[in-house]
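Here's the structure, in structure tokens; my notes come after.
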Amino acid sequence: MLRTLKRIVRTGIVSQPAPAPAPDLRLREAMQGDIVAIMGRALCIRHVDAGSCNGCELEIHALNNPYYNVEGAGIKFVASPRHADMLLVTGPVSVNMEVALKRTFDAMPDPKLVVAVGDCGCTGGIFGECYASRGRIANVIPVDVAVPGCPPTPTAILQAILTATTARAAR
């Protein structure tokens, strides 16, 4: 033990220089600044599953993991439509979810933004319009941005969220 301590004293502190800041951090800060400039605060999103297979939900949940960290960029998910700026809807609208989706949309304050996620939300997917499904989300409520894919990547979903936000700023 004494030999090890003497060796530590002789060697001193050995360290590497601090790494340069990652360019991704600068992009995230710029994105957060843009969101705050457009919205005046954080962007609040209410997610509604209108009858999906949960593939899109897995990708939406990935947005909250440390890799994407959308909450750190000023985007957060809320439980009440009364606090939401945007409605993120997945899946084809089933007959049983039609009224709930309309009520959620009506409860949101103006201006309302709606993003349809996944092929089912954009086109009705393999379900289409039938006795159990109203088909795509645009058949029930107005949609601002649609994200195709089965399921779409978290990057595509984030891009659609930012596109809808900038479209709101242009209004």
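Throughout, read-outs are computed from the coordinates displayed, never taken from laboratory work. Everything numeric in this text was worked out from a predicted model, so none of it was measured. Cβ: placed from backbone, ideal geometry, glycine included. Neighbour counts: every protein chain shown.
Dividing the mean sequence gap of close Cα pairs (under 8 Å, 6+ apart) by how many residues the chain holds gives a relative contact order of 21 percent. Using the average count of surrounding beta-carbon atoms within 10 Å as a protection proxy, the listed peptides 112-120, 47-55, 142-150, 81-89 rank, highest first, as 112-120, 81-89, 47-55, 142-150.
Judged by the gyration tensor of its Cα atoms, with axes a ≥ b ≥ c, the chain is prolate; a/c meets the 1.5 cut and a/b is the larger of a/b and b/c.
Once a ≥ b ≥ c are taken as the square roots of the eigenvalues of the Cα gyration tensor of region 41-108, is the result rounded (a/c under 1.5), prolate (a/b larger than b/c) or oblate (a/b not larger than b/c)? Don't jump to the answer; show the numbers that get you there.
Details: a/c = 3.91, a/b = 1.34, b/c = 2.92.
Note, shape of region 41-108 comes out oblate.
List the chymotrypsin sites (Phe, Trp or Tyr not before Pro) within region 49-114 that DSSP assigns to loop and that have no more than 10 neighbouring Cβ atoms inside 10 Å.
Working: sites: Y67, Y68, F77, F105; in loops: Y67, Y68.
In loop regions of region 49-114 (DSSP not H, G, I, E or B), the sparsely surrounded chymotrypsin sites (Phe, Trp or Tyr not before Pro) are Y67.
Loop only per DSSP, at most 12 neighbouring Cβ atoms within 10 Å: give me the GluC sites (Glu not before Pro) in region 37-111, ordered by residue number. Working shown, then result.
On the way: sites: E57, E59, E71, E98; in loops: none.
When the GluC sites (Glu not before Pro) of region 37-111 are filtered for loop state and at most 12 Cβ neighbours within 10 Å, nothing remains.
Listed values for region 84-97 are Karplus-derived 3J(HN,Hα) couplings in whole Hz (6.51 cos²θ - 1.76 cosθ + 1.60, θ = phi - 60°), namely 8, 9, 9, 10, 10, 10, 10, x, x, 7, 6, 4, 6, 9, and x replaces Gly and Pro.
The length gained by stretching the chain between A156 and R82 to full extension, at 0.36 nm per residue less their Cα-Cα distance, is 24.0 nm.
On full extension of the chain, what length is gained from I13 through N65, given 0.36 nm per residue of separation minus the C-alpha to C-alpha distance? All intermediate terms of the calculation are to be shown ahead of the outcome.
Working: separation 52, 0.36 × 52 = 18.72 nm, distance 3.56 nm.
Answer, rounded to one decimal: 15.2 nm.
What net charge is computed for the residues neighbouring V117, neighbours being all others with C-beta under 14 Å from the C-beta of V117, Lys and Arg scored +1, Asp and Glu -1? If you can, show how the numbers build up before the last one.
Working: positive: R46, R136; negative: D49, E57, E59, D119, D144.
Its environment carries a net charge of -3.
Residues whose amide H lies under 5 Å from that of S133, counting only those 5 or more places away or on a different chain, are V95; hydrogens are built 1.01 Å from N in the peptide plane. For the residues I13, I137, I157, a GNM of the chain with alpha-carbon springs under 10 Å puts the largest fluctuation on I13.
For the chain, the membrane-span-like helices by this rule, meaning whole DSSP H stretches whose C-alpha atoms cover at least 18 Å of axis and whose Kyte-Doolittle mean is -1.0 or above, are 23-39, 154-170; this says nothing about an actual membrane. Near the amide H of V114, within less than 5 Å, lie the amide hydrogens of L87, D144, V145, all on another chain or at least 5 residues away, with H placed in the peptide plane. Cβ crowding within 10 Å ranks S133, S15, S80 as S15, S80, S133, fewest other Cβ atoms first.
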